[in-house]
Amino acid sequence: MSNLPQIYVLKFDAKNCYDSIPVNEILNKIDDLFPDENQMFYTRYINIIDTNKIDGNNSNSLKKKLILLNKPNINSFDQNSENNINPSVKTSLIYDNAKTLTFNKERIKKIIEYQLFNSAIYKNNKTYIRKDGLFQGYPLSGALCDILYDSIELKFLKILSESDNNEEPLGKNNNCLIRIADDFLILSDNYHSVNKLKRLISRRIDKFNFTVNRLKTINNFSDKDGVCAMSSVNFCGYTIDLNDLSIIKSFESFNSYPFKNNINTFNKLCIGCFKIFKLRINSNYLNPNYNDFKHLKRNIINSTISIFKKFIKTFNNLILLDRFEVQNFRNLLVIPMREYVNSFYQKNYSSSLINDIFSSVILHSIKEFKKYGNKFQSIIICLERFI
């Protein structure tokens, strides 16, 4: 991730996203989206009895699968089933226990049109029906918005791939467009292409009724000379370093809420925290192939602190229901975390660097528990022994 070219950034979001959606344009996109076949068949099956399990625990062996078939025959079903099954679970049984639903294009369009034109809200003894736009929270609103915004993405990508005179492809330039809901981030190594897109979004795009929030629009270049003056950009809970494209996920963006009612013992709490730890370690922002060591270590620290925040909040709910044993905290959470870090990063880092990661995690965790005085003294002593 070194020796990168200059990265130009353009970040913006849509103004009044759902309210501004042109419903007639959505209907046009629906026409293009669905195939011309008169009927489509939607079936459901359940993948059961994973015979490759060695622990005898079948609690996770029931996995529902949903597939869309153009033809309702057993060959199509078998083919789609094979494509949806994990290659390591070829000996699983498949049980089709649900009715296959039949749809056609016209029926789907009628359902969409009904939600677009017949949905209403009732307030102060008055009923309101939209002339345009989508109601937020309605069943199809998110999907319909995505269908339209996919087309907007394609338009933006086309702009980015054109030369400044709009006649020839730019050649070997690199463009990255990321969209989460109505938030857009553009990264490009070509000033002219990204500046051209900036000029485009400075005005309303009539076809899509698309307007950006100008006060929230951010870029790191000027219209005149293209000089950059930004070392990083924040986007949806992530900080992207523009020097090497490393990523930091902020502590605030992690879920630190307490576990729900299914966690009713401290042992389950420790096991649940470790499961989340494993899940996060496998995320791309903790992958050595995508992040340098410094940023990766910061991400692991932020992730682990948020998990311990979750532990503390759930601890307060369990203290009257169960007895806390620090030895179980050590054996069910801390030791498995250390072992998993060692096994996960041993191909990429030396043992000293891995120890550096885990020691930093422990030190920051101790600071977090110390915020609560002597309440977690036994946990603090336990963690100090891992330094």
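Laid out as a table, the results:
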quantity	calculated
Candidates Phe266, Phe274, filtered to the one that is crowded, with 16+ Cβ neighbours inside 10 Å, within 25 Å of Gln346 (Cβ to Cβ) and in contact (Cβ under 8 Å) with a residue 12 or more places away in the chain	Phe274
Tally, over region 99-117, of residues that are farther than 17 Å from Leu27 by Cβ and either of a type in the set (Val, Ile, Thr) or assigned to a helix (DSSP H, G or I) (or both)	2
Members of region 1-46 found to be at pLDDT 80 or above, surrounded by fewer than 16 Cβ atoms within 10 Å (Cβ to Cβ) and among the basic types (Lys, Arg), listed by number	Lys29
When residues of region 124-141 are limited to those that are modelled with pLDDT of 90 or more and in a strand (DSSP E or B), the one farthest from Asn16 (Cα to Cα)	Lys126
Failed item in (1) on the phi > 0 side of the Ramachandran plot; (2) touching a helix residue (DSSP H, G or I) at 6+ places or on another chain (Cβ under 7 Å), with Pro258 passing the rest	(1)
Conditions (1) in contact (Cβ under 8 Å) with a residue 60 or more places away in the chain; (2) within 30 Å of Asp13 (Cβ to Cβ); number of the one not met by Lys309	(1)
Which listed residue, of Tyr290, Tyr340, is closer than 30 Å to Asn243 by Cα and among the aromatic types (Phe, Trp, Tyr)	Tyr290
Answer residue from region 118-131, given it is surrounded by fewer than 13 Cβ atoms within 10 Å (Cβ to Cβ) and touching a residue at least 12 places away in the same chain (Cβ under 8 Å) and is nearest to Glu25 (Cα to Cα) among those	Ile129
Selection count where residues are more than 25 Å from the chain's Cα centre (by Cα) and within 26 Å of Gly142 (Cβ to Cβ), scope region 173-210	9
Residues of region 214-235 satisfying the condition of being within 14 Å of Ala14 (Cβ to Cβ) and surrounded by 13 or more Cβ atoms within 10 Å (Cβ to Cβ)	Thr217
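The values are calculated or read from the model by the stated rules, or taken from the named source; none is laboratory data. Values in this document were obtained by computation on a predicted structure and should not be read as measured data. Cβ: placed from backbone, ideal geometry, glycine included. Neighbour counts: every protein chain shown.
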